[in-house]
1. Within region B:51-100, track down each residue that is free of Cβ contacts under 8 Å to residues at least 12 places away in the same chain and closer than 22 Å to B:Ile13 by Cα.
2. Looking at the structure I just gave you, is A:Val234 modelled with pLDDT of 95 or more and crowded, with 20+ Cβ neighbours inside 10 Å?
3. Against the condition more than 20 Å from the chain's Cα centre (by Cα), more than 14 Å from chain B (Cβ to nearest Cβ) and surrounded by 18 or more Cβ atoms within 10 Å (Cβ to Cβ), how does A:Thr361 come out, does it pass?
4. What is the residue count in region B:64-98 for residues that are within 14 Å of chain A (Cβ to nearest Cβ) and charged (D, E, K, R)?
5. How many of the residues making up region B:276-301 are more than 12 Å from chain A (Cβ to nearest Cβ), among the aliphatic types (A, V, I, L, M) and either crowded, with 24+ Cβ neighbours inside 10 Å or within 16 Å of B:Leu9 (Cα to Cα) (or both)?
6. Among the residues that make up region B:220-232, is at least one of them in contact with a strand residue (DSSP E or B) (Cβ under 9 Å, 6 or more places away or on another chain) and closer than 19 Å to B:Gly108 by Cα?
7. Among the listed residues A:Phe202, A:Phe239, identify the single one that is crowded, with 20+ Cβ neighbours inside 10 Å, more than 27 Å from A:Lys311 (Cβ to Cβ), within 15 Å of the chain's Cα centre (by Cα) and at pLDDT 95 or above.
8. Need the failing condition index for B:Asn426 against (1) more than 27 Å from B:His194 (Cβ to Cβ); (2) part of a loop (DSSP other than H, G, I, E, B), just the number.
Amino acid sequence: MKFLQNTGLIFFLFGLLAFTLIPFLGTYQLERSEVRKQVKDIHQEAMMEVLQPMFGTRYASNFSFVRDFNRYFDTYNEGLKEDQAWDKVIWDDYAFPLTKASSMSPVADAPLLFLVLSIGLAVFGGLLYTLPMYRNEPAGIKNDGIYFSSMKARGWLGIITGTYLILFYIILYWYPEYLTNLVIMVDPISLLLSGGPASQWFLYGLIYTLAILVMGVRMFRKYKGNNYQTIRTVSVMFFQLSFAFLIPEILVLFNMPWHDFKNIWPLDYSFFYEYRIEGMLGSGALGMFMLIWGIILILIGVPLFTYFYGKRWYCSWVCGCGGLAETLGDPYRQLSDKSLKAWQIERYLVHGVLVFAVLMTAVTIANYFMEFALLGQATDQLHSIYGFAIGSAFAGVIGTGFYPFMGNRVWCRFGCPLAAYLGLVQRFKSRFRITTNGGQCISCGNCSTYCEMGIDVRWYAQRGQNIVRSSCVGCGVCSAVCPRGVLKLENGEEAGRVNDMPIIIGNESIKVKS
Amino acid sequence: MTDNTIVILGNGISGVTCARHIRKNDPDIPITIVSAETRHFFSRTALMYIYMGHMKYEHTKPYADDFWEKNKISLKLAWVEQVDFTERELHLAGGEKLSYKTLVLATGSKPNKFGWPGEDLKGVQGLYSYQDLLQMEENTGKIGRAVLVGGGLIGVEMAEMLRSRNIPVTFLVRENGFWDNILPVEEAALVGKHIREHHVDLRLATSLEEIISDKNGAVQGIRTTDGETIDCQFVGLTAGVSPLIDIFKDSPLDTDRGILVDDKFQTNLPGVYAIGDCAEFRSAPGEGRKTIEQVWYTGRMHGETLAHNLTHKKQVSYVPGIWFNSAKFFDIEYQTYGHVPAKWTEPYHSFYWESGSGKVALRLLFDQKDCILGMNAFGWRMRHEFFDRAIREGWKAERVLKQLSSADFNPEFHRQFHQQVLDQYNRENGTAVKLPKRSFIQKLIGSRA
């Protein structure tokens, strides 16, 4: 068994190595025909001239290609900016499509081979490693040695992993032109699903989904015997694979806008952006349904489901960010900060982002109805600030890159505006709570330690108090790791949900007037 | 020091609960907690998880380090060598003296040693304190086998700790069943089976004769009373604990096995109280209860009650409610409510159900009128409130069995056992107790009612 797992680990590492090296393969040469194909009509003339020196030049790597491209492109734009010729400046990002079109790497000749050698090998190795986990062991809590692990307790393996993830996200969001070979590699899958070539987002969606699936299998092994964990994991795997990955691509195949039906504003912060609204309004009955469904989720779905089940119905059962956190991020859940200070920062930050998202959207909608008169500039500014700071840096780079440093829910806890909205409902009008079982708590601290949201669960449990907190995503792990059966996630009557027990059950000496 | 200072000796659950509740009731009275074990209160029951790598020491601290200052509870990390009860002073190692108006002794326990030959060898130890944990870490670094002596809760914890590092364990238990002075035969067998499932070499009805030394004064093996020799480099002594009262042996403080106290935790000396593991009641605090209560929960109740008396004019006696306790045997959780002795006689009668897997079990004990006296649950979490009430009100068997679903505290989607239990009960008693019906809507919204 150990042999099988070690083999899996080696396969995984080879796959990862291949994935990391593939971007560096091949040579690059820009052709006029590609510029004609990739560039908008209004920019054709300018771009042909700007890129003139590059035509016919063979670049040995994407580095030299991108460097030259940026040099010519930026010189052109800078010149226009100096002349205050703002309307001529090219704001579109052509670096990615043109680099992709210029790639002459072996990947383009045999994309599937490279796919198998990189992502394929990593997935296969991952499964080979996770499937035999805890075989022939009785069901139970499998946390042995977590704090001795370099990977899971901020050792050098964890630091390397975190750094790799952070770098990957930075390149993905801001320098995707360096990832073109990987995107070319997944083109065949994209063509199969949506009929179109892949973008860096398709590549990201694919590995994101595969990560949830493989690490979901790990969850089945780790929490064997705990049906709540198993069913919840099946749920996030299903929603990621179908709603977040396959259905949007298939929609594109049918000339519909790419749409994730389970993504809800304000997490889906661009839902009310002009291009999205226009896209939905221009797509017939299904487009109309997208719009109405999205609004129903915001106005009725969130309060109603959260009233009955708490925010877990979304955060740890449906959400894509939650899905990744609960699977890929599970090994890091114990790294969340439980201090009072962290809780204070969390409340300011997460509600701050919610306010920002609401204001931005209000301006966007106002602007839409004012037909882009006064607020046009402000809207664009807000969109770009939000997209950069929240959508990319916070949700992506910090959200996932910081798994090995600050736990798997950094984004959900400190940044997600939808989590803040769900949390407000959960805190003030919901039937959900984590019930504390009378006086059985022994203050051991397993619940607090393994709470990914950094809730000091023990603080409540040892006082005999139920846990009612806006941030709780209902993952159920506190209940799972409790050695004395003290915690139970429950939906129940609102009466007695928030309770205070000055003297804990079992002691009859003192009669407390309540 | 002002003259109304309360000094608490010991920062375990009893002492700390007492301090916290004094502060709740009185915002000003000076409180000092003295301990030589650790600066801050930690959860003793969590020591095992540090060894197993589930947590680090800092995670076992129930309160943040700034909690104590915020609540004006001063902490003194010091070893008390002697207490001068006439001058009302603690003599600390290093010569410092600490005076008190009121002294609360909450010194806890120490592992039992029964005079086994070799019990003080290197590599032989119990597990109670933080220092014991550090020592165990050191003693079990590179060993081929560990032997545990005495089958109680600490023994099974130590077995689990050692197994988490793949150290082979032989577990000597004098009795014929595991923990069978507390557990009825079936439950003891269930636990024993599970311990073996975790590859522990459990030897029932086997006693320790002697611990064998190597030439460096370290343990190299043990011999059982059957004459068998087992090579090992570590011996865990887990045959219970007894009150840690060594420094009071030649003092005016009245002691027997523990520090003798009345029902208000008052010792024979004015202004001196004892709570938790180290206290011994002059008469048991309730029917079927022991005079020394060495459980986390009772320590907490002692602390709550004494704190009340130290801050109120009207004094109350310690009146514990329905007994409860819990433990975990490797993967199997155990909860008990009320009174279930290891053996009982007519007209008491019991109902016992065990799942096919042999890992889930329920015991209910009834009196001659078929009223519930207590229960044991294994691998099945049960609601404290439910059984506290059912036992206090003396519910009839059928009522308890019918409502078992609302006592169920297992996680959502957990396998339901209620129907199986009812089937067996009805078969054995010729009754027809039925599952209460829950509507689809009730199920959908998870309503218990």
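The values are calculated or read from the model by the stated rules, or taken from the named source; none is laboratory data. Quick caveat: nothing in here was measured; it's all calculated off a predicted structure. So basically every Cβ, Gly included, is an ideal-geometry build from the backbone, and we count neighbours across all protein chains shown.
1. Answer for region B:51-100, where residues must be free of Cβ contacts under 8 Å to residues at least 12 places away in the same chain and closer than 22 Å to B:Ile13 by Cα: B:His54, B:Met55, B:Lys56, B:Glu58, B:Ala64, B:Asp66, B:Phe67, B:Glu69, B:Lys70.
2. Judged against the criteria, A:Val234 is not a match.
3. Criteria met by A:Thr361.
4. Counting residues in region B:64-98 that are within 14 Å of chain A (Cβ to nearest Cβ) and charged (D, E, K, R) gives 4.
5. Adding up the residues that qualify gives 1.
6. Among the residues of region B:220-232, not one is in contact with a strand residue (DSSP E or B) (Cβ under 9 Å, 6 or more places away or on another chain) and closer than 19 Å to B:Gly108 by Cα, which makes the answer no.
7. After applying the criteria, what remains is A:Phe202.
8. The one condition B:Asn426 does not meet is (2).
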